Amino acid sequence: MKGARAYLYAKACGMIARSFVEGRTDRLSAVSGMATFEDLVFGDSVSGGTDAAAVIEAIEKRLGEREQEAIAKIIKSFPYSKPPQFLQMLVESDRLTQAAIGDAAVVDGEEGEESSNTQGISSIARQNSVYYTALWHELEKTPLSDRRLITNIITEEICLKNAVWALRLRVYYLLPPEQIKPFLIMIKTEKNKPSLYADALKSLELDIEEEVQWHGWRFWKYVNKPVSSQYWKIDPRFFQNQASLHLYYLARKALRRSPFTLDTACCFIKLKQFEKEVLTSVAEAVRLGLTGADALEILGLSGK
């Protein structure tokens, strides 16, 4: 058992070292066109077509296939005949929650414009809530020695997703605080510990146009900072990018802190999912005429 877990750990570290995370993210900064992006990431042309939308679709498909292939190799290396249900659900998170995030971005209205898509957002919120509630229940069934660090990551992930929903619904949909609570992932933790939606509820008490009020909020460091002589309003997209980066650093650190446990496989999955998000964002930015450096700056990865 120990030998199998050691092999899994070594394999995971080797694959991450070759990914566009860790110290290789900055290689994307030199990307200045779709051809250079494809050559760097894939070593060849993905679609050979000239239609921008078709190229992005082909890139996303290939990134997804490569991600799933890498995750499958780690899952097959797991020293059990069948991986725990929690691990299998974590693999599915890329398909379920990332699709929901994409759908939400599509229906988000302009700032200050009340959207008619609240019903669609409600459906996406329910999908997230069902998934994370089931994931949390499976996590609690897993031996603590196997998931000590991934528990911290999932806890933080749910708290941050709730905070993103709260900000998004207030800024883009103009919903009053009392109408936002049903959109949150309502998970309570152990007795005498904060719920996983406490930070989101706290944010509802703060004025989205008064920066100073946010200084005492637990997630203040992920909030956009004021720029001299410019009007300030909290930016949900900036917050979401910073939150994603924070979760990436947690997974990267945890991968090597608990080398022979289920944490290894879980953190590997999180890192590969993050890599796909970054590469997809860079590809979409390049399609719009930006450079890789521009995309990394927007994502908060510039100089990291």
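Of all residue pairs spaced 6 or more apart or on separate chains, those with beta-carbon atoms under 6 Å, a first member in the stretch 1-12 that is within 14 Å of K73 (Cβ to Cβ) and among the small types (G, A, S) and a second member that is buried (at least 17 other Cβ atoms within 10 Å of the Cβ) and at pLDDT 75 or above are A12/I74; A12/T264; A12/F268. When the residues of the stretch 136-157 are narrowed to those that are farther than 15 Å from R252 by Cα and of a type in the set (A, V, I, L, M), which ends up modelled with the lowest pLDDT? The residue in question is L144.
Within the option set K276, K272, being crowded, with 23+ Cβ neighbours inside 10 Å, within 12 Å of the chain's Cα centre (by Cα) and touching a residue at least 12 places away in the same chain (Cβ under 8 Å) holds for one residue only, K272.
Within the stretch 226-256, which residues are farther than 27 Å from F20 by Cβ and either touching a Pro at 6+ places or on another chain (Cβ under 6 Å) or not small (G, A, S) (or both)?
Scanning the stretch 226-256 gives P226, V227, Q230, Y231, W232, K233, I234.
A single member of I185, I158 is within 30 Å of C266 (Cβ to Cβ), of a type in the set (A, V, I, L, M, F, W, C) and either touching a residue at least 60 places away in the same chain (Cβ under 8 Å) or touching a Lys or Arg at 6+ places or on another chain (Cβ under 8 Å) (or both), and it is I185.
Yes/no per residue for (1) under 30 Å from L8 (Cα atoms); (2) among the acidic types (D, E); (3) over 20 Å from the mean Cα position of the chain (by Cα):
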site: T133; (1), (2), (3): yes, no, no
site: P143; (1), (2), (3): yes, no, yes
site: I153; (1), (2), (3): yes, no, no
site: R170; (1), (2), (3): no, no, yes
site: L174; (1), (2), (3): no, no, yes
site: F183; (1), (2), (3): no, no, no
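When L245 is tested against (1) in contact (Cβ under 8 Å) with a residue 24 or more places away in the chain; (2) over 19 Å from the mean Cα position of the chain (by Cα), just one condition goes unmet, and that condition is (2).
Of all residues in the stretch 57-73, none satisfies being outside any helix (DSSP H, G or I) and either touching a helix residue (DSSP H, G or I) at 6+ places or on another chain (Cβ under 9 Å) or at pLDDT 85 or above (or both).
Considering the conditions (1) under 30 Å from A134 (Cβ atoms); (2) more than 21 Å from the chain's Cα centre (by Cα); (3) not in a loop (DSSP other than H, G, I, E, B), Q213 is excluded by exactly one of them, (1).
Picking from residues in the stretch 1-41 that are among the aromatic types (F, W, Y) and surrounded by 14 or more Cβ atoms within 10 Å (Cβ to Cβ), the one that is modelled with the lowest pLDDT is Y9.
The values are calculated or read from the model by the stated rules, or taken from the named source; none is laboratory data. It should be emphasised that the depicted structure is a prediction, and the values quoted were computed from it without experimental measurement. Backbone-built Cβ (ideal geometry, glycine too); neighbour counts: all protein chains shown.
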